[in-house]
Amino acid sequence: MKSSKAKQARIAAIGTGAAALVAVPAIALGVSGSGHSSTAGQVAAHGKVVRAASPHCDPGWSVKVQRKVNYRKSTGERDKLINKSKRSVKRTYTLTKQASTKWNVSVEASASFKAWIFAEVNVKVGGGLEKSESITTTQSDETTVPPKTTLVVTRGFEMRKIYGNSYYTWSNCKTGKYKSFVLTAPHGRYTSFK
């Protein structure tokens with residue numbers, strides 16, 4: 001009698017746990033003498049073995065960023081504004097040098113990789129990786145120079161250097177390192193007063 005109650009308690013506990021995963025009759029859970037057996041990772045249901053589903057991923061390439069560095073790349077031009085008086089004055093500066101900078105990436109770029117690059121540097125472009133950012137027109141404007149101060153005006157490109165790796169993911173969700181890359185790209189321009 002004691003053995004029968006213990007067996008029923010075991011069956012109830014197994015049945016409760018299994019019901020959370022699949023709807024399986026208690027009789028199919030490996031009760032002694034039922035002709036079915038239960039092993040780890042599988043449950044007998046209606047005479048068929050149901051195995052736990054293995055993980056599945058959509059295969060393809062992906063990119064993982066390791067580090068980003070922002071910096072400025074000057075055009076090399078400068079204009080000096082001098083105020084020797086005891087009050088603030090307005091001065092006009094003029095910068096005329098033409099300059100350009102290009103995208104530069106150290107791995108062969110697929111279409112999807114290019115799309116990631118353009119999203120990463122927050123620049124919308126219509127061409128490929130050889131798209132350049134240019135300064136082609138004269139910039140002339142007025143600024144305030146504090147008393148007893150000399151301001152040096154420069155301009156150039158806001159740059160971003162990104163270090164990372166590209167990975168391939170297989171259908172079983174395992175990944176393998178493909179190769180590292182370094183991306184250098186412009187994402188804006190600046191005018192500096194120092």
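The values are calculated or read from the model by the stated rules, or taken from the named source; none is laboratory data. Small disclaimer: the values here were computed from a predicted structure and weren't measured. Note that we place each Cβ from the backbone using ideal geometry, even for glycine, and neighbour counts take in every protein chain shown. Please note that ligands, DNA and RNA were not included when accessible areas were found on the heavy atoms of the full protein model with its side chains. Shrake-Rupley method; radii C 1.70, N 1.55, O 1.52, S 1.80 Å.
Using the structure shown, select from K97/K161; K73/K174; K68/K97; K80/K102 the pairs with a Cα to Cα distance greater than 32 angstrom.
Exceeds cut-off: K73/K174.
Say R0 is 25 Å: what FRET efficiency, to the nearest 0.05, do V152 and K68 get from their beta-carbon distance? That pair, V152 with K68, gives E of 0.30. Residue order by solvent-accessible surface for Y178, Y167 is Y178, Y167, largest first, with ligands and nucleic acids left out and a 1.4 Å probe.
Simple spin-label estimate for H56 and K194 gives 5.8 nm between the two label positions (7 Å along the Cα-to-Cβ direction from each Cα). Other residues within the sphere of radius under 12 Å centred on the Cβ of T75, judged by their own Cβ, net out at +3 (K and R +1, D and E -1). Taking 0.36 nm per residue of separation and subtracting the current Cα-Cα distance, fully stretching the chain between Y168 and N104 would add 20.8 nm.
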